[in-house]
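*Asks:* Okay, handing you the structure first.
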Amino acid sequence: MQAPVAIGIYLGEQHVIQFANPRMCEIWGRSFQQVINTPLFKALPEVSGQGFEEILADVYHRGVPFTGDELPATLQRNGKLELAYFNILYDPLRNEQNEVYGVLQTAIEVTELVEARKKAEYNEETLKVALEAARMGTFLVDFVHQSLTTSKSYDQIFGYADGDFVWDQTRFWRHVLPEDRPELEAVYQRGLQEGTLDFETRIRWEDGSLHWVQVKGKISFNLKGNPMHLTGIVMDITEQRQAAERERQLAAEQAARLEAERQGKILHDLFMHAPALICILNGPTHTFTLVNPLYQQLFPGRQLLGVPLLEALPELTGQPIEGIINQVYETGETFVGKEVPVELKRDDTRQLVTTYFNFVYQAMRDKDENVSGILVFAFDVTEQLLARKQIEHNAESLRLALEAGSMGTWDLDLVRQTTVRTIQHDAIFGYERLLDHWDYESFMRHVLPQYKEEVARAFQKSYASGELNFETRIQTIDNHLRWIAVRGRTFYQDAQPIRMAGVVMDITSRKRVEEQLQQLTEELASSNEELLAANEEIRAGMEELSLANKQLRLINADLDNFIYTASHDLKAPILNIEGLMKLLVRNLPIESLENQTVTKIMSSIDNSVKRFQTTIEELANITKLQRESEEPVLIEFATVVRDVLLDLQTQVEEAEPHIETHFEACQPLRFSYKNLKSVCYNLISNAIKYRAPERPLTISITCYQEASYQVLEVEDNGLGMKEENIPKVFSMFKRLHTHVEGSGVGLYLVKRIVDNAGGKVEVESEEGVGTTFRVLLPMD
């Protein structure tokens, strides 16, 4: 079979014919041998002077394709000159240097279509003349007097033999079919505005018969533009309509036959040239009646055409594919197979090879709708299947690697501001599922305010450098703070950034370790300074402790030894001072005791001794924490907090705080009761001690689980502190609010207890707003 498209290739400025397919030779009326290697207009001299030389020269020299529809050409065919029409495409052919070296022509002859259309146009004009010569009736509508005057022919067209009645518009509309009235009324109203009427409609006579009429009319208006009269004609066009319908049906049938023949030819050519495996199996034995070249290439050296399926391919016997083919033939139901394995003997070795196919088995039916055969349309997808499985394996490996590294991937379209992301990406920002939309602004909404400017500069810099690399802090959708690292590359089009792609990593754990290391370093450095300050304070207050101070300076690097020494060796001197003070009071004369200055000095000394005893007691607690180990037990947080509030009853009654507790999500914890009570005591007492005098105190105590930790959160609306002071709160003897009594040991003790338990303490505070302590204790 021949392709329906004529194809020719012409080389050089002379358009030498290099190739012409059989259809092109048929159009030219020459054989291939007559035209090959001959300039086009020498091989076809009758075509010269018809404008094609200029078109081809323009395509060749400018390198611009040319498309023309229904182009006329006079050709020497069948022993005479014939006028034909073509749809033509001229495409320039270019070499590796992009230079035009020839022209590719594709053409389809449309002579029959053009002649058929011209014939239809001629018939339409003839019909128009015939209609104008047909019998017609006249009418006059008087809009002023609301009357309708008609001719006898008008009455006959509407089915009345005798016109012994008065016409009006109501009678006219009564004849119009109800379903046609809305559209006809719209046409009529538009005609009243435009001044002319021209429409066709259906009417029904009194005897029930259906007729077609055409109405034409002209409207006259008065000086105000109001319609006065409508004069026109009406014609019975029923026969013309019926004739036109018959002609349309005949034309449709003829076109359908021609189209069926054309489609059959195209379908056959398509099957033979399609990039798919196609065959037709006929009858219950599934005999090959059509085999395209690609299908035959599967079985080199084997005769397929005219041979039953299992005789041509005996290795299919017993395989599932045999049952599928029989099922389609018996039921007539289409079967679609995807990546179906079939064992075939593909080469001369006759070894069975597993091949995978995507295919469709479509039942073919005869004129009586009985199944007569099967159309097979298939693709060999073996290579694609193996490649996809390798890609899936690689993708799964990449996914596991990203999950293990707490990483998510992202791909940002800078033009449309859309992204493609993995679920791990959105999970880092606290989302349980992928959001429908995510762009640069979505990302920036999570960045903490103090980092936004730095992040924006990083993005701007990446547009020029092509590299994106920064670390920043974000707040997740569920209000958790995290550190993330972003790495990516920028892609360009016409030197403009159009796309960015990369990964985002959760580095919170790493940052916490770095912060803890930094904090420990700072604590170690500040401890030496604080120890020296403490030693100086003790030496200035008590000369008899100079020897102890010298000893403390020698061991100030070992904080635990200092605490142990201070908490034990200082008790006796303080007791001595307290005893001497009592002895002094007993031996002072009464007038001295009544002296206000003496009384004030004695009271100050007594208060100083009591404060020092409190400090020594707290230092002793630290040594006990380091040297003693209380057996852990299962503890309810609610019980511990209740006991602490009882111990703080006096302070609570004085401060009158509003205390909220939330222990619904709290589980029992195995821990030292004494240590946990000490932690709760210090946090709650601090919240009371450092309250803001200008507003009522509110304390919120919450317990919940986070990952593998049980979290105790104590939040207040007290004095708060500056951000730069937060790292100092756990330092020994460090007091950030000197106007309130305190030793500066309590929070140090909390930190040591939690650290020894493998937990951690987090602080968030804002000066003038309040403070939140989060104690994270391991649940195991």
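The values are calculated or read from the model by the stated rules, or taken from the named source; none is laboratory data. Quick caveat, the model's predicted, so the values are computed rather than measured. FYI the Cβ positions are ideal-geometry reconstructions off the backbone, even for glycines, and counts take in every protein chain you see.
*Asks:* Going through region 414-439 one residue at a time, which ones are within 20 Å of Thr490 (Cα to Cα) and surrounded by 15 or more Cβ atoms within 10 Å (Cβ to Cβ)?
*Replies:* Within region 414-439, Leu414, Thr419, Arg421, Thr422, His425, Trp438 meet the criteria.
*Asks:* Additional query: Taking Tyr188, is it in a loop (DSSP other than H, G, I, E, B) and surrounded by 12 or more Cβ atoms within 10 Å (Cβ to Cβ)?
*Replies:* no
*Asks:* In addition: Among residues belonging to region 204-226 that are surrounded by 11 or more Cβ atoms within 10 Å (Cβ to Cβ) and touching a residue at least 40 places away in the same chain (Cβ under 8 Å), point out the one that is farthest from Arg241 (Cα to Cα).
*Replies:* Gly217
*Asks:* Among the residues of region 12-62, which ones are touching a Leu at 6+ places or on another chain (Cβ under 9 Å) and among the small types (Gly, Ala, Ser)?
*Replies:* Selection gives Gly29, Gly51.
*Asks:* Quick test for you: out of Gly759, Gly770, Gly744, pick the one residue that is at pLDDT 90 or above, within 26 Å of Arg695 (Cα to Cα), outside the structural domain of His480 (by TED's automatic domain parsing) and small (Gly, Ala, Ser).
*Replies:* Just one listed residue meets the conditions, Gly770.
*Asks:* Do you know which residues across region 267-285 are modelled with pLDDT under 75 and either more than 22 Å from Leu309 (Cα to Cα) or aliphatic (A, V, I, L, M) (or both)? Break it down into steps so the answer makes sense when it comes.
*Replies:* Taking region 267-285 as the starting set, the residues that turn out to be modelled with pLDDT under 75 are 267-269.
Scanning region 267-285 gives Leu267, Asp269.
*Asks:* Anything in region 252-307 that is of a type in the set (Gly, Ala, Ser) and in contact (Cβ under 8 Å) with a residue 40 or more places away in the chain? List them, or say none.
*Replies:* Answer for region 252-307, where residues must be of a type in the set (Gly, Ala, Ser) and in contact (Cβ under 8 Å) with a residue 40 or more places away in the chain: Ala276, Gly283, Gly301.
*Asks:* If you take the residues in region 14-31 that are polar (S, T, N, Q) and within 24 Å of His61 (Cα to Cα), which one is surrounded by the fewest Cβ atoms within 10 Å (Cβ to Cβ)? I'd like the intermediate steps shown before the answer.
*Replies:* Looking only at region 14-31, we keep the residues that are polar (S, T, N, Q), and these are 14, 18, 21, 31.
Checking the rest, the ones that are also within 24 Å of His61 (Cα to Cα) come to 14, 18.
On the way: Gln14: 13, Gln18: 16.
If we take residues in region 14-31 being polar (S, T, N, Q) and within 24 Å of His61 (Cα to Cα), then Gln14 is surrounded by the fewest Cβ atoms within 10 Å (Cβ to Cβ).
*Asks:* So, one more: Look at region 233-275 and say how many of its residues are hydrophobic (A, V, I, L, M, F, W, C) and touching a strand residue (DSSP E or B) at 6+ places or on another chain (Cβ under 7 Å).
*Replies:* 5
*Asks:* Out of Val291, Val234, I need the residue that is of a type in the set (A, V, I, L, M) and within 30 Å of Asn123 (Cβ to Cβ). Which one?
*Replies:* None of the other options fit; the residue is Val234.
*Asks:* Could you tell me whether region 422-439 includes any residue that is of a type in the set (Val, Ile, Thr), more than 24 Å from Glu713 (Cβ to Cβ) and within 17 Å of the chain's Cα centre (by Cα)?
*Replies:* We begin by selecting, within region 422-439, every residue of a type in the set (Val, Ile, Thr); these are 422-423, 428.
If we keep only those that are more than 24 Å from Glu713 (Cβ to Cβ) as well, we get 422-423.
When the remaining residues are screened for being within 17 Å of the chain's Cα centre (by Cα), the result is 422-423.
Yes, because at least one residue in region 422-439 is of a type in the set (Val, Ile, Thr), more than 24 Å from Glu713 (Cβ to Cβ) and within 17 Å of the chain's Cα centre (by Cα).
*Asks:* Just one of Leu127, Leu148, Leu140 is at pLDDT below 90, more than 30 Å from Phe66 (Cβ to Cβ) and assigned by TED's automatic domain parsing to the domain that holds Gly195; which is it?
*Replies:* Leu148
*Asks:* Separate question: Is it the case, given these coordinates, that Leu298 is within 30 Å of Pro4 (Cα to Cα) and either of a type outside the set (Ser, Thr, Tyr) or exposed (fewer than 14 other Cβ atoms within 10 Å of the Cβ) (or both)? Quick ask: steps written out before the conclusion?
*Replies:* Numbers: within 30 Å of Pro4 (Cα to Cα): yes; either of a type outside the set (Ser, Thr, Tyr) or exposed (fewer than 14 other Cβ atoms within 10 Å of the Cβ) (or both): yes.
So Leu298 passes the test.
*Asks:* For Leu448, only one of the following conditions fails: (1) over 25 Å from Ala707 (Cβ atoms); (2) surrounded by fewer than 16 Cβ atoms within 10 Å (Cβ to Cβ). What is its number?
*Replies:* (1)
This table checks each residue for (1) modelled with pLDDT under 95; (2) under 29 Å from Asn292 (Cα atoms); (3) outside the structural domain of Ile108 (by TED's automatic domain parsing); (4) among the acidic types (Asp, Glu).
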site: Tyr10; (1), (2), (3), (4): no, no, no, no
site: Ala43; (1), (2), (3), (4): yes, no, no, no
site: Val47; (1), (2), (3), (4): yes, no, no, no
site: Gly51; (1), (2), (3), (4): yes, no, no, no
site: Asp69; (1), (2), (3), (4): yes, no, no, yes
site: Pro72; (1), (2), (3), (4): yes, no, no, no
site: Gln76; (1), (2), (3), (4): yes, no, no, no
site: Leu83; (1), (2), (3), (4): yes, no, no, no
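*Asks:* Here is a follow-up. Looking only at region 87-96, count every residue that is farther than 15 Å from Glu70 by Cβ and either touching a residue at least 24 places away in the same chain (Cβ under 8 Å) or in contact with a strand residue (DSSP E or B) (Cβ under 9 Å, 6 or more places away or on another chain) (or both) and tell me the total. Show your work before the answer.
*Replies:* At the first step, the residues of region 87-96 found to be farther than 15 Å from Glu70 by Cβ are 90-96.
Among the residues that remain, those that are also either touching a residue at least 24 places away in the same chain (Cβ under 8 Å) or in contact with a strand residue (DSSP E or B) (Cβ under 9 Å, 6 or more places away or on another chain) (or both) are: 90-95.
Count: 6.
*Asks:* How many residues, within region 429-481, are basic (Lys, Arg) and part of a strand (DSSP E or B)?
*Replies:* Adding up the residues that qualify gives 1.
*Asks:* Now a separate question. For residues in region 366-388 being touching a strand residue (DSSP E or B) at 6+ places or on another chain (Cβ under 6 Å) and without any contact (Cβ under 8 Å) to a residue 40 or more places away in the chain, which is nearest to Cys279 (Cα to Cα)?
*Replies:* Filtering region 366-388 for residues that are touching a strand residue (DSSP E or B) at 6+ places or on another chain (Cβ under 6 Å) and without any contact (Cβ under 8 Å) to a residue 40 or more places away in the chain, the one nearest to Cys279 (Cα to Cα) comes out as Asp366.
*Asks:* Give region 490-523 a look and list any residue that's charged (D, E, K, R), in a strand (DSSP E or B) and over 16 Å from Gly408 (Cβ atoms), or say none.
*Replies:* Residue satisfying the conditions is Arg499 alone.
*Asks:* Looking for something on the phi < 0 side of the Ramachandran plot, part of a helix (DSSP H, G or I) and not small (Gly, Ala, Ser) - is there at least one such residue anywhere in region 215-226?
*Replies:* Just the residues of region 215-226 that are on the phi < 0 side of the Ramachandran plot, to begin with: 215-224, 226.
Now narrow it down to the ones that are part of a helix (DSSP H, G or I): none.
No, the conditions are met nowhere in region 215-226.
*Asks:* Taking the options Glu109, Glu99, name whichever one is of a type in the set (Asp, Glu) and touching a residue at least 24 places away in the same chain (Cβ under 8 Å).
*Replies:* Among Glu109, Glu99, only Glu109 is of a type in the set (Asp, Glu) and touching a residue at least 24 places away in the same chain (Cβ under 8 Å).
Residues checked against (1) over 23 Å from Glu369 (Cα atoms); (2) touching a Phe, Trp or Tyr at 6+ places or on another chain (Cβ under 7 Å); (3) exposed (fewer than 12 other Cβ atoms within 10 Å of the Cβ); (4) assigned by TED's automatic domain parsing to the domain that holds Phe359:
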{"residue": "Thr289", "(1), (2), (3), (4)": "no, no, no, yes"}
{"residue": "Arg302", "(1), (2), (3), (4)": "yes, no, yes, yes"}
{"residue": "Leu305", "(1), (2), (3), (4)": "yes, yes, no, yes"}
{"residue": "Thr317", "(1), (2), (3), (4)": "yes, no, yes, yes"}
{"residue": "Glu343", "(1), (2), (3), (4)": "yes, no, no, yes"}
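*Asks:* Being closer than 22 Å to Leu83 by Cβ and not hydrophobic (A, V, I, L, M, F, W, C) is the filter here, so list the residues in region 17-33 that pass it.
*Replies:* Arg23, Glu26, Gly29, Arg30
*Asks:* While we're here: Have a look at Trp212, Trp173 and point out the one that is part of a strand (DSSP E or B), touching a helix residue (DSSP H, G or I) at 6+ places or on another chain (Cβ under 8 Å), of a type in the set (Phe, Trp, Tyr) and on the phi < 0 side of the Ramachandran plot.
*Replies:* Result: Trp212 is the single residue among Trp212, Trp173 that is part of a strand (DSSP E or B), touching a helix residue (DSSP H, G or I) at 6+ places or on another chain (Cβ under 8 Å), of a type in the set (Phe, Trp, Tyr) and on the phi < 0 side of the Ramachandran plot.
*Asks:* Let me ask something additional. Answer with yes or no whether Thr650 is among the hydroxyl-bearing types (Ser, Thr, Tyr), outside any loop (DSSP other than H, G, I, E, B), more than 42 Å from the chain's Cα centre (by Cα) and within 29 Å of Gly430 (Cβ to Cβ).
*Replies:* Numbers: among the hydroxyl-bearing types (Ser, Thr, Tyr): yes; outside any loop (DSSP other than H, G, I, E, B): yes; more than 42 Å from the chain's Cα centre (by Cα): yes; within 29 Å of Gly430 (Cβ to Cβ): no.
Against the criterion (among the hydroxyl-bearing types (Ser, Thr, Tyr), outside any loop (DSSP other than H, G, I, E, B), more than 42 Å from the chain's Cα centre (by Cα) and within 29 Å of Gly430 (Cβ to Cβ)), Thr650 does not qualify.
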